[in-house]
Amino acid sequence: MKGRKGIMLLTENRKVELIKKISEDIIKLSVKDKQDRVMSEQEKSIELLARAMCDFSVMYLSPQTDHDEILKGTLSKVKIAYNTIEQSKKPSIVIKRV
């Protein structure tokens, strides 16, 4: 299923399952990397966004789940990721006294 034609042939649920799988793979890579070193703020944000996508996929694929709770958690993760990225973009000013 390489290229755009392969993706277009997937059913809607299969596309969401693929999003979930890729999100889980990103999370696994992120957790694996944590053991060796300190994660940057951007890496933490990527992990949070992957977790949010995974949660959203679970909600989509499981209509019987508590959508309100999943949406609250997903929204929190996305907001934290946004704030983290926004903070990392702000210049840090250091004032030294001479």
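The values are calculated or read from the model by the stated rules, or taken from the named source; none is laboratory data. None of the values given here were measured: they were computed from a predicted structure. A quick note on method: Cβ atoms are made from the backbone with ideal geometry, for glycine too, and the neighbour counts reach across all protein chains shown. Each accessible area value is taken on the protein alone, full model and side chains, heavy atoms only, with ligands, DNA and RNA left out. Shrake-Rupley method; radii C 1.70, N 1.55, O 1.52, S 1.80 Å.
Measuring between alpha carbons in the structure, the pairs from LYS21/LYS90; LYS15/LYS90; LYS44/LYS72; LYS20/LYS72; LYS32/LYS96 lying more than 29 angstrom apart are LYS21/LYS90; LYS15/LYS90; LYS32/LYS96. Summed over qualifying helices (DSSP H, 4 residues or more, each -39500 (n - 2.57)) and divided by its residue number, the chain shows a 222 nm mean residue ellipticity of -25500 deg cm²/dmol.
Our coupling estimate for the stretch 13-24, obtained by passing each phi through the Karplus curve with A = 6.51, B = -1.76, C = 1.60 and θ = phi - 60°, is 5, 5, 5, 5, 4, 5, 4, 4, 4, 5, 4, 4 Hz, Gly and Pro reported as x. Measuring with a 1.4 angstrom probe and ignoring ligands and nucleic acids, THR11 comes out at about 90 Å² accessible. Our estimate of slack between HIS67 and LYS28, defined as 0.36 nm per intervening residue step minus the Cα-Cα distance, is 11.6 nm. Note on the chain: the alpha carbon radius of gyration divided by the globular reference 2.2 N^0.38 Å gives 1.41. Between the listed residues ILE22, VAL58, ILE95, the Cα displaced farthest toward the positive end of the dipole of the chain, a dipole computed from Cβ unit charges relative to the Cα centre, is found at ILE95. Taking the 1.4 Å solvent-accessible surface of the chain as the whole, the part contributed by carbon and sulfur is 61%.
Is there a quick way to get the dipole size of the stretch 9-75? I mean about its Cα centre, with the Cβ of Lys and Arg at +1 and of Asp and Glu at -1; what is the value in debye to the nearest 20?
It comes to approximately 200 debye.
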